[in-house]
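Single-structure report; data block below.
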Amino acid sequence: MTAVRTVLKDKYADFSGRARRSEFWWFALFSFAANLVATFIFGMIGLGFVAYIVSLALLVPGIAVAVRRLHDRDMIGWWCLIALVPLVGGIALLVICALEGTKGPNKYGADPAA
């Protein structure tokens, strides 16, 4: 859970640097679980808008960690916009984020795995 704490506390809106695969995927899992729990619990008691607030609170760090993950692949962060392409865009972004990062330093910083 160190990866989730890092994304939410230290790098909430930090779009520079690089993120390891584990940081990205642990945060993705946390974000999915938090949204699922918020939707279920607050939807049951008639406060569904709280789930939207949770989603909005996790939006900026989610984009930031995705940009840093793309930086680890030595790609510009604007590639996040590929997710807006219907049907295949989100899948393409997930595949890119699942691939191994660039070994050694690149133009976005030192290797986070080192």
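The values are calculated or read from the model by the stated rules, or taken from the named source; none is laboratory data. Bear in mind that the values here come from a model prediction, so they are computed numbers and not experimental data. Here the Cβ positions follow ideal geometry from the backbone for every residue, glycine too, while neighbour counts run over all protein chains shown.
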Practice task
Restrict the check to the stretch 33-53 and report whether at least one residue is surrounded by 12 or more Cβ atoms within 10 Å (Cβ to Cβ) and under 12 Å from the mean Cα position of the chain (by Cα).
Solution key: no
Handout entry: Selection within the stretch 28-57 - within 30 Å of residue 110 (Cβ to Cβ) and out of contact with any Leu (no Cβ under 8 Å at 6 or more places or on another chain)
Key = 28, 29, 30, 32, 57
Handout entry: Where a residue in the stretch 89-114 is among the β-branched types (Val, Ile, Thr) and its partner, wherever it lies, is in a loop (DSSP other than H, G, I, E, B) and surrounded by 14 or more Cβ atoms within 10 Å (Cβ to Cβ), with Cβ under 7 Å and at least six apart
Key = 96/73; 102/73
Handout entry: Unique match (being touching a helix residue (DSSP H, G or I) at 6+ places or on another chain (Cβ under 9 Å) and either at pLDDT below 95 or small (Gly, Ala, Ser) (or both)) among 65, 50
Key = 50
Completion exercise
residue 77 fails exactly one of (1) closer than 16 Å to residue 26 by Cα; (2) in contact (Cβ under 8 Å) with a residue 40 or more places away in the chain, namely (1)
Fill in the blank from the handout: Residue hits (the stretch 63-84; surrounded by 13 or more Cβ atoms within 10 Å (Cβ to Cβ), of a type in the set (A, V, I, L, M) and out of contact with any Gly (no Cβ under 6 Å at 6 or more places or on another chain)) are 63, 64, 65, 66, 75
Practice task
Kindly indicate whether residue 60 is closer than 30 Å to residue 107 by Cβ, touching a residue at least 12 places away in the same chain (Cβ under 8 Å) and exposed (fewer than 15 other Cβ atoms within 10 Å of the Cβ).
Solution key: yes
Problem - Enumeration of residues in the stretch 17-31 that are under 22 Å from residue 90 (Cα atoms) and either surrounded by fewer than 16 Cβ atoms within 10 Å (Cβ to Cβ) or in contact with a Pro (Cβ under 9 Å, 6 or more places away or on another chain) (or both) - result: 18, 19, 20, 22, 23, 27, 29, 31
Practice task
Could you list all residues from the stretch 88-114 that are assigned to a helix (DSSP H, G or I) and touching a Lys or Arg at 6+ places or on another chain (Cβ under 8 Å)?
Solution key: 96, 97, 98
Exercise for the section: Any chance you could count how many residues in the stretch 1-15 are under 12 Å from the mean Cα position of the chain (by Cα) and either on the phi > 0 side of the Ramachandran plot or among the charged types (D, E, K, R) (or both)? Expected result: 2
